[in-house]
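Student: I am attaching a structure below and will ask some questions about it afterwards.
The values are calculated or read from the model by the stated rules, or taken from the named source; none is laboratory data. On a predicted model such as this, the values are computed, not experimentally measured, just so you know. Note: ideal-geometry Cβ built from the backbone for every residue, glycine included; neighbour counts use all protein chains shown.
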Ligand SMILES: CCCCCCCCCCCCC/C=C/[C@@H](O)[C@H](COP(=O)(O)O)NC(=O)CCCCCCCCCCCCCCC
């Protein structure tokens, strides 16, 4: 189903950004539509597995990344993050802002060019719609906006891999900050790194974290992560290669 008829989306996301009430995502028409095949958002048995499964539907047969599903995956992740506590709301707010920009492109008059990440990159570069060296006319280009989420996806991959191989004694805050230091932090200013580092200390311990995932026993969580990680890695790598080929990995 297309996003174009879902006029509630923009209003809904704007409200969401203002209120930072990510739980309201479940009431958004977009979320119901985009996740219809993977997450029953009104189902109390909502689990992180279903969110991660969304990344399965991101890749087409010829390895193109469907923007609609990519965005849906991110919405689910943000929703999950918000269930961890309000200390993460500044991170959620930035992620939601970026998701909203991409949804606006999908719903805009040039939405047909935004069906896949590949078509988006080609369209924006061919039409000089991207700031390549310094921020200027196109602060909301799809290319630079998606790049920020793409870098965060690398953090997620590293963090989930640490969770998968962790022991009962492992600390989520340490796993999270190690993953962050190896990836996203390199693109963040000092003040953001400080704020993120502080927020990580508020992460619940491993056992609670696994409970919130709502996947089952720790063994089931580990198995689920083992299944989901290769999919996330593939989406990440396809996007990374595309951006590298087009020389747009450092967009301002
Ligand atoms: C569960 C713990 C959540 C930890 C999240 C780790 C990521 C920390 C990111 C800190 C970002 C701080 C907010 C501001 C960022 C912006 O400066 C910066 C640059 O944007 P600009 O170029 O437009 O200025 N933005 C970004 O880099 C995009 C960040 C997007 C972060 C999305 C994080 C979503 C995390 C989802 C958690 C799901 C956890 C699932 C685990 C089982």
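Student: Take the conditions modelled with pLDDT under 95, more than 12 Å from the ligand (Cβ to nearest atom) and either loosely packed, with under 14 Cβ neighbours inside 10 Å or under 24 Å from residue 66 (Cα atoms) (or both) and apply them to residue 242. Does it pass? Full working, then the answer.
Tutor: On the way: modelled with pLDDT under 95: no; more than 12 Å from the ligand (Cβ to nearest atom): yes; either loosely packed, with under 14 Cβ neighbours inside 10 Å or under 24 Å from residue 66 (Cα atoms) (or both): yes.
When the stated conditions are applied, residue 242 does not pass them.
Student: Regarding residue 156, is this residue crowded, with 18+ Cβ neighbours inside 10 Å, within 11 Å of the ligand (Cβ to nearest atom), within 30 Å of residue 103 (Cα to Cα) and in contact (Cβ under 8 Å) with a residue 40 or more places away in the chain? Full working, then the answer.
Tutor: Numbers: crowded, with 18+ Cβ neighbours inside 10 Å: yes; within 11 Å of the ligand (Cβ to nearest atom): yes; within 30 Å of residue 103 (Cα to Cα): yes; in contact (Cβ under 8 Å) with a residue 40 or more places away in the chain: yes.
Yes, satisfied.
Student: Would you check if residue 110 is surrounded by fewer than 17 Cβ atoms within 10 Å (Cβ to Cβ) and farther than 30 Å from residue 212 by Cα?
Tutor: Details: surrounded by fewer than 17 Cβ atoms within 10 Å (Cβ to Cβ): yes; farther than 30 Å from residue 212 by Cα: yes.
When the stated conditions are applied, residue 110 passes them.
Student: Also, quick follow-up: Output the number of the condition that residue 237 fails; it satisfies all remaining conditions of (1) assigned to a helix (DSSP H, G or I); (2) in contact (Cβ under 8 Å) with a residue 24 or more places away in the chain; (3) farther than 18 Å from residue 76 by Cβ.
Tutor: All conditions pass for residue 237, except number (2).
Student: Tally up the residues in region 210-220 that are crowded, with 18+ Cβ neighbours inside 10 Å, part of a helix (DSSP H, G or I) and in contact (Cβ under 8 Å) with a residue 24 or more places away in the chain, please.
Tutor: To start, the set of residues in region 210-220 that are crowded, with 18+ Cβ neighbours inside 10 Å comprises 210, 213, 215.
Those left that are additionally part of a helix (DSSP H, G or I): 210, 213.
After this cut, where a residue has to be in contact (Cβ under 8 Å) with a residue 24 or more places away in the chain as well, the list is 213.
Of the residues in that region, 1 qualify.
Results for (1) surrounded by fewer than 17 Cβ atoms within 10 Å (Cβ to Cβ); (2) modelled with pLDDT of 90 or more; (3) away from the ligand (no atom under 14 Å from the Cβ), shown as yes or no for each residue.
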{"position": "61", "(1), (2), (3)": "yes, yes, yes"}
{"position": "82", "(1), (2), (3)": "no, no, no"}
{"position": "87", "(1), (2), (3)": "yes, no, no"}
{"position": "90", "(1), (2), (3)": "yes, yes, no"}
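Student: What residue, of 78, 71, is closer than 24 Å to residue 188 by Cα, near the ligand (Cβ under 9 Å from one of its atoms) and either surrounded by 22 or more Cβ atoms within 10 Å (Cβ to Cβ) or in contact (Cβ under 8 Å) with a residue 12 or more places away in the chain (or both)?
Tutor: Details: 71 fails: near the ligand (Cβ under 9 Å from one of its atoms).
Only one candidate qualifies: 78.
Student: To continue, here is another question. If you scan region 170-208, which residues turn out to be crowded, with 18+ Cβ neighbours inside 10 Å, touching a residue at least 40 places away in the same chain (Cβ under 8 Å), near the ligand (Cβ under 9 Å from one of its atoms) and assigned to a helix (DSSP H, G or I)?
Tutor: Correct list: 196, 199.
Student: I'd like to check which helices (runs of 4 or more DSSP H) are fully inside region 53-132 and have at least 2 residues that are under 30 Å from residue 199 (Cβ atoms) and in contact with a helix residue (DSSP H, G or I) (Cβ under 7 Å, 6 or more places away or on another chain).
Tutor: Numbers: elements: 67-82, 89-107, 117-126.
Output list reads 67-82, 89-107.
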